[in-house]
Amino acid sequence: MEGVSGGLLAHEVSSAGGLGLIAGSYGDYEWLAHEWANAAGERVGIGFISWALSRQPATLRRALDELDPVAVMLSFGDPAPFAGAVLSSGAILMIQVQTIADTQRALDVGADVIVAQGTEAGGHGTTNRATMPLIPAIVDLVAERNKNTPVVASGGIADGRGIAAALALGADGVLMGTRFWATAEALVPAQGWSAMLAATGEETVRTHVEDFARGRDWPHQYTSRVLRNRFVDHWQDASFDASADLQILRHDYEKALVNHDYDVVPISSSQSAGLIRRVEPAADLVTTVISEAEATLTRLYRGVCSER
Ligand SMILES: Cc1cc2nc3c(=O)[nH]c(=O)nc-3n(C[C@H](O)[C@H](O)[C@H](O)COP(=O)(O)O)c2cc1C
């Protein structure tokens with residue numbers, strides 16, 4: 001989670017039994033190395049954005065050589081140029097996918113774990129499919145290819161019920177992003193927490209607006225799911241033909257970033273936002289959702305047995 005998941009958050013997730021990922025995102029090695037130190041030797045991984053990494057390939061090399069992550073997740077773009085280096089380093093290669101074609105590619109390049117991302121997910125993704133139909137389709141594809149590659153579900157999962165549902169669909173685990181925005185260790189200012197806690201989950205939209213505002217030239221198929229705000233509503237349908245418009249957009253955005261003004265800065269958020277009711281320590285959150293999932297699965301199992 002770009003700018004949100006630093007070393008401390010990843011440390012707490014891993015120490016509670018999950019796998020924390022530090023946001024290597026666009027490949028800023030200095031930021032990554034700084035956050036790596038905050039993980040204090042805990043078993044954590046790093047996530048990178050593949051199309052951006054292709055402009056900074058040295059970042060991956062340095063991360064593998066100097067930081068030695070337990071896992072590397074590649075998302076958004078062709079993983080092929082990087083897969084070999086990750087695999088030969090001994091790190092677990094996780095590839096986040098949105099489509100069947102992406103999944104075929106991920107299996108071809110030797111992914112150890114497929115992370116299947118539905119369109120409900122916060123942050124970047126596609127409008128392709130929701131998690132509910134996507135997961136079984138990908139689980140079936142992996143089975144058809146006679147692979148044992150675990151499938152991890154992502155997108156719209158924010159509590160133990162979501163985890164239980166993902167397991168019922170055939171997933172082997174889940175990846176949660178948005179829910180960790182509201183944790184004590186996330187690199188989020190208090191205003192950002194308040195905005196997330198106030199959200200119902202009905203106000204998210206997929207958009208290019210923030211990418212235009214910060215000059216990130218994402219491939220067109222990837223939009224970012226964010227909480228709608230005044231800024232997004234104003235610019236969502238703009239064509240940016242006039243460069244003056246782009247200048248206003250960027251000026252307003254940069255000013256708001258400094259002031260943590262979330263009427264302007266879009267918050268990357270899942271449709272699960274309304275399920276987040278408090279800010280809590282990340283380790284407690286991991287423990288809570290695991291016991292919620294166990295309780296849900298036990299309840300369902302007992303229900304099935306009592307009807308026999
Ligand atoms: C604030 C935020 C930032 C994100 N940044 C990244 C990123 O830098 N790289 C990436 O692969 N995915 C990123 N994602 C998407 C996550 O990898 C994941 O697909 C998503 O959070 C899962 O859905 P959920 O938000 O419903 O839990 C981000 C998500 C959020 C909420």
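Could you look through the range 269-308, keep only residues that are of a type in the set (D, E, K, R) and part of a helix (DSSP H, G or I), and pick out the one that is farthest from Val205 (Cα to Cα)?
Arg302
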Candidate set: the range 288-308, residues that are under 30 Å from the mean Cα position of the chain (by Cα) and surrounded by fewer than 14 Cβ atoms within 10 Å (Cβ to Cβ); chosen: the one nearest to Arg179 (Cα to Cα):
Ser291
Evaluation of Gly201 against (1) within 12 Å of the ligand (Cβ to nearest atom); (2) touching a Lys or Arg at 6+ places or on another chain (Cβ under 9 Å) (one fails), failing number
(2)
Does Glu280 satisfy the condition of being closer than 23 Å to Gly177 by Cα, charged (D, E, K, R) and in contact (Cβ under 8 Å) with a residue 60 or more places away in the chain?
yes
Reported set for the range 188-207 where residues are assigned to a loop (DSSP other than H, G, I, E, B) and of a type outside the set (S, T, N, Q) is Val188, Pro189, Ala199, Gly201, Glu202, Glu203
So which of Asp217, Asp211 is surrounded by 13 or more Cβ atoms within 10 Å (Cβ to Cβ) and of a type in the set (Asp, Glu)?
Asp211
May I ask you to list the residues in the range 91-129 that are touching a helix residue (DSSP H, G or I) at 6+ places or on another chain (Cβ under 9 Å) and small (Gly, Ala, Ser)?
Ala91, Ala106, Gly110, Ala111, Ala116, Gly118, Ala121, Gly122, Gly123
Members of the range 26-82 found to be exposed (fewer than 14 other Cβ atoms within 10 Å of the Cβ) and within 16 Å of the ligand (Cβ to nearest atom), listed by number
Arg55
Scan the range 176-187 and report the pairs whose first residue is within 16 Å of Met73 (Cβ to Cβ) and assigned to a helix (DSSP H, G or I) and whose second residue is of a type in the set (Ser, Thr, Tyr) and more than 8 Å from the ligand (Cβ to nearest atom), with Cβ atoms within less than 7 Å and a gap of 6+ or a chain change.
none
Looking at this structure, is Leu167 buried (at least 16 other Cβ atoms within 10 Å of the Cβ) and in contact with a Gly (Cβ under 7 Å, 6 or more places away or on another chain)?
no
Return the total of residues in the range 208-222 being touching a helix residue (DSSP H, G or I) at 6+ places or on another chain (Cβ under 9 Å), within 14 Å of the ligand (Cβ to nearest atom) and either assigned to a helix (DSSP H, G or I) or β-branched (Val, Ile, Thr) (or both).
1
Report yes if Gly77 is at positive phi and in contact with an Asp or Glu (Cβ under 6 Å, 6 or more places away or on another chain), otherwise no.
no
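A short reminder: the numbers here are calculations on the coordinates, not readings from a lab. Fair warning: this is a prediction, and the values are worked out from it, not measured in the lab. Backbone-built Cβ (ideal geometry, glycine too); neighbour counts: all protein chains shown.
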